[in-house]
Amino acid sequence: MTNTAFFELLKTRRSIRKFSSEQISEEQKALLMKAALMAPTAKHCNAWEFVVVEQTDTICKLSECRPTGSQFMKHAPLVVVVAVNKEKSTAWVEDASIASAFIQLQAHSMGLGSCWVQVNGRMKDETVDTESYVRALLGMPETLGIVCMIAIGRPVEHKNAFEEDKLQFEKVHNERYHEK
Ligand SMILES: Cc1cc2nc3c(=O)[nH]c(=O)nc-3n(C[C@H](O)[C@H](O)[C@H](O)COP(=O)(O)O)c2cc1C
């Protein structure tokens, strides 16, 4: 069986955290957002809201949203903040997550690298949660649940593709769950 182009895309996508300073073109940005807007949603509510950030000072502040795990974002030329209106979606985390994965795969298909930075459920410090910090910074209302930010840019690090024979096939159960 020959691998499809889509399978190759899945196999070679890895989280990229080191980016060149090259800006993302308008055309690339448009394709990234078109991909997000084609993601499926619960009851077809399409309740997502995407904030596309390119201003260096804003990205720098966003990268400080957590004590660890977000600092690398400082050097990303583009960050897409992915949120969903919690009053309109019955599955807002899932809706945001699928759109985020679509953005990441579209980015990879264009030779761009990306990495997810978790917002929902994380703390900036002992008193401020990450979501409130990002919300205040970008002027987003309380009705929006912010799930993550996708940092995107031209990769300056190489990550190996997945090796098919090393995938965790023990996670796959036939017909019913079997303890392994
Ligand atoms: C729900 C979720 C949250 C994540 N949060 C972060 C994060 O906050 N910071 C980060 O650097 N990477 C984050 N990642 C990226 C993972 O660390 C990465 O996907 C994982 O290590 C597997 O590596 P790969 O994407 O190269 O296959 C997150 C990924 C997911 C799916």
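Can you pull out the residues in the stretch 87-110 that are in a loop (DSSP other than H, G, I, E, B) and in contact (Cβ under 8 Å) with a residue 60 or more places away in the chain?
Applying the first criterion (in a loop (DSSP other than H, G, I, E, B)) to the stretch 87-110 yields 87-91, 110.
Listed by number, the list holds a single entry, 110.
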| task | Output yes when any residue across the stretch 111-125 is over 22 Å from residue 55 (Cα atoms), part of a helix (DSSP H, G or I) and touching a Cys at 6+ places or on another chain (Cβ under 8 Å), and no when none is. | result | no
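Quick check, is residue 23 in contact (Cβ under 8 Å) with a residue 40 or more places away in the chain and more than 19 Å from residue 105 (Cβ to Cβ)? Steps first, answer last, please.
Details: in contact (Cβ under 8 Å) with a residue 40 or more places away in the chain: yes; more than 19 Å from residue 105 (Cβ to Cβ): yes.
So residue 23 fits the description; yes.
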| request: Return the total of residues in the stretch 122-156 being out of contact with any helix residue (DSSP H, G or I) (no Cβ under 8 Å at 6 or more places or on another chain) and without any contact (Cβ under 8 Å) to a residue 60 or more places away in the chain. | output: 11
| note | Filtering the stretch 48-75 down to residues that are more than 17 Å from residue 114 (Cα to Cα), more than 12 Å from the ligand (Cβ to nearest atom) and under 16 Å from the mean Cα position of the chain (by Cα) yields 48, 49
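Can you work out which of the residues in the stretch 96-110 that are within 11 Å of the ligand (Cβ to nearest atom) and touching a strand residue (DSSP E or B) at 6+ places or on another chain (Cβ under 8 Å) is farthest from residue 50 (Cα to Cα)? Steps first, answer last, please.
The first filter runs over the stretch 96-110 and keeps only residues within 11 Å of the ligand (Cβ to nearest atom), leaving 96-97, 100-101, 104, 108.
Right, trim to touching a strand residue (DSSP E or B) at 6+ places or on another chain (Cβ under 8 Å) and you get 96-97, 100, 104, 108.
Values: 96: 9, 97: 12, 100: 10, 104: 14, 108: 19 Å.
Checking each candidate, the answer is 108.
We did not get these values from a lab; they are worked out from the coordinates using the rules stated. Model, not experiment: these values are computed from the prediction. Backbone-built Cβ (ideal geometry, glycine too); neighbour counts: all protein chains shown.
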